[in-house]
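Report on one structure; see the data block that follows.
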Amino acid sequence: MNQYSICILDDHPVVPLGIKTVMDHTGLFKVVGTFQNSKSFFTFLQNDNVDIIIIDIDIHNENGLEILKELKKTNPEIKAIVYSMHESEGFFREAVLAGANAYISKADDMKFFPEILRRVLKGEFYFSKVFSPFHNKDAPIQQLDLKHQIIKFLIEGEKQKDIAKKLNKSEKTIEYHVRKLKDEHNVNSLSTLVLKLQSSYFA
């Protein structure tokens with residue numbers, strides 16, 4: 001039986017220990033490295049092959065999603081599992097754009113990891129049930145990406161006309177999406193919408 005190698009990038013020691021205990025008992029998966037920063041992880045990759053990386057978003061002074069983007073540039077074949085406490089739409093969208101093959105909430109039971117990884121290895125994009133409201137398989141990915149980018153700019157305080165320029169879209173297109181966002185969040189003013197997004201989108 002072929003074994004799949006796993007690396008874990010998480011700065012909480014208990015998390016890798018728990019995952020290792022679950023995965024090593026399967027016989028199909030083996031944890032070959034645990035890391036608390038990207039430098040040690042990428043150094044390991046220079047000499048060792050890895051099939052799967054399980055990565056947190058908050059890692060000391062680093063952003064796990066930025067690490068994931070870099071990994072996918074150099075090693076796109078590695079399956080990436082985001083494993084995080086963050087359960088908001090913003091982080092879910094960022095993980096998808098970064099190239100994640102799965103997004104698992106840390107509130108989920110670790111015992112399901114082996115089955116999740118089997119599904120990911122077959123090409124399935126897996127996500128915890130808590131993210132179901134954010135996953136619309138019928139919506140064009142370009143539309144979802146545009147909405148996500150607009151929200152990010154609004155949170156940063158950008159004006160709609162400036163957002164239109166940065167995204168190379170017409171002001172009417174941006175206004176349309178902002179109106180839809182107001183309806184979704186049941187608000188009338190742009191300032192109230194921005195406050196809501198700032199408090200919840202990247203929670």
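Rule-based calculations on the coordinates, nothing more; no lab input. The model shown is predicted, which means the values in this text are computed figures rather than measured ones. Please note: Cβ atoms are built from the backbone with ideal geometry, for glycine as well, and neighbour counts cover all protein chains shown.
Computed values, structure above
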{"quantity": "All positions within region 1-18 that are out of contact with any strand residue (DSSP E or B) (no Cβ under 6 Å at 6 or more places or on another chain) and surrounded by 12 or more Cβ atoms within 10 Å (Cβ to Cβ)", "calculated": "D10, H12, V15, L17, G18"}
{"quantity": "Criterion violated by D58 - all others in (1) within 23 Å of D145 (Cα to Cα); (2) touching a helix residue (DSSP H, G or I) at 6+ places or on another chain (Cβ under 6 Å); (3) of a type outside the set (F, W, Y) satisfied", "calculated": "(2)"}
{"quantity": "Strands (runs of 3 or more DSSP E) wholly inside region 25-118 containing at least 3 residues that are in contact (Cβ under 8 Å) with a residue 40 or more places away in the chain and crowded, with 22+ Cβ neighbours inside 10 Å", "calculated": "52-55"}
{"quantity": "Condition met for T21 (touching a helix residue (DSSP H, G or I) at 6+ places or on another chain (Cβ under 9 Å), surrounded by fewer than 16 Cβ atoms within 10 Å (Cβ to Cβ) and hydroxyl-bearing (S, T, Y))", "calculated": "yes"}
{"quantity": "Residue match in region 125-143 (condition: out of contact with any strand residue (DSSP E or B) (no Cβ under 9 Å at 6 or more places or on another chain), over 19 Å from K20 (Cβ atoms) and surrounded by 14 or more Cβ atoms within 10 Å (Cβ to Cβ))", "calculated": "no"}
